[in-house]
Amino acid sequence: AQSVTQPDIHITVSEGASLELRCNYSYGATPYLFWYVQSPGQGLQLLLKYFSGDTLVQGIKGFEAEFKRSQSSFNLRKPSVHWSDAAEYFCAVVLTGGGNKLTFGTGTQLKVEL
Amino acid sequence: DGGITQSPKYLFRKEGQNVTLSCEQNLNHDAMYWYRQDPGQGLRLIYYSQIVNDFQKGDIAEGYSVSREKKESFPLTVTSAQKNPTAFYLCASSIGGGHAFFGQGTRLTVV
């Protein structure tokens, strides 16, 4: 079955430390890939997206993600985490030619220690 | 300002009642989506629509119904057949295949 996996449910990092959130997908073709962030009780905000081309994409708030076709991964990174980055992060995919069905992973809750 | 609006923000339902959640967008997007969010389960797709007067079931459509009579509107009805409706509901829209814009959500509670 087609799916999006975020293997880390919770991650805790110290402020100023680097961050990597993992995302893997299982689709036959390369989908469109997204990372979203959600603050408690709010909607989701787009951090970055990958459609094609350069496999390293830059997003808002200093985030970047790298698409690795061989590993079916799209991991989110940030060199130095700020306390305000504490939130829940979701990886999402749209399977091209699949009726634009937007599917999300289960999310990773990020806690930042001061 | 362009955006997507969900109402109400909080909704309480009695056992056996149907309730309708509103979702309106003025972004001129063709695609609209409804998701249910429960702690630890991420966003699960209920229904989605690519065009007016057409919609498809998502992964957890049982106990829900939708309509898409206008491009701007995609209301979700939670029927009495949905046995565990307490959740946070999110509506989104996109230019098909592009990134989605989300509303602020409706928190539904069964009382």
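Overview of results
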quantity	calculated
Accessible-area value, A:His82, 1.4 Å probe, nucleic acids and ligands omitted, Å²	80 Å²
For segment A:1-88, alpha-carbon Rg relative to the globular expectation (2.2 N^0.38 Å, N residues)	1.09
For residues of A:37-50, the mean tally of beta carbons on other chains within 10 Å	4
Fluctuation leader among A:Tyr89, A:Tyr27, A:Tyr36 - chain A, Gaussian network, Cα springs under 10 angstrom	A:Tyr27
GNM flexibility winner over chain B from B:Gly58, B:Gly97, B:Gly16 (Cα, springs under 10 Å)	B:Gly97
Taking chain A and dividing mean pair separation by its residue count, relative contact order in percent (alpha carbons under 8 Å, at least six apart)	37 percent
Area accessible to solvent at A:Asp8, 1.4 Å probe radius, in Å²	30 Å²
Neighbour cut-off at most 12 other Cβ (10 Å), DSSP loop, trypsin sites (Lys or Arg not before Pro), segment B:64-100	B:Lys83
Total formal charge among the other residues, if their Cβ is under 15 angstrom from that of A:Gln71, Lys/Arg +1 and Asp/Glu -1	+2
Value of relative contact order over segment B:29-111, rounded to a whole percent, pairs C-alpha under 8 Å and six or more apart	29 percent
Accessible surface of chain B, 1.4 Å probe, proportion on carbon and sulfur as whole %	48 percent
In chain B, lysine pairs with alpha-carbon atoms under 21 angstrom apart (chain gap of 8 or more, or interchain)	4
Pairwise centroid distance, computed over Cα atoms, of segment B:9-56 with segment A:40-114, Å	22 Å
Exercise: per-residue mean of other protein chain Cβ atoms within 10 Å, B:84-93	1
The protein assembly as shown - accessible surface per residue (Å², probe 1.4 Å)	47 Å²
Cα-Cα P(r), the protein assembly as shown, percent of pairs per 5 Å interval	1, 7, 15, 19, 19, 16, 12, 7, 3, 1, 0
Interface B:A - total buried accessible surface [probe 1.4 Å, Å², rounded to 100]	1700 Å²
Nearest-10 value in Å² for the accessible area of B:Phe102, using the 1.4 Å probe	20 Å²
Taking the convex hull of Cα positions in segment B:31-111, its mean projected area over all directions (nm²)	5.5 nm²
Label-point gap, in nm, between A:Thr5 and B:Val52 - each point 7 angstrom along Cα→Cβ	4.3 nm
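The values are calculated or read from the model by the stated rules, or taken from the named source; none is laboratory data. These figures come from a predicted structure and were not determined experimentally. Neighbour counts run over all protein chains shown; Cβ positions are idealised from the backbone, glycine included. Just the protein is used for accessible areas: all its heavy atoms, side chains included, with ligands, DNA and RNA removed. Shrake-Rupley method; radii C 1.70, N 1.55, O 1.52, S 1.80 Å.
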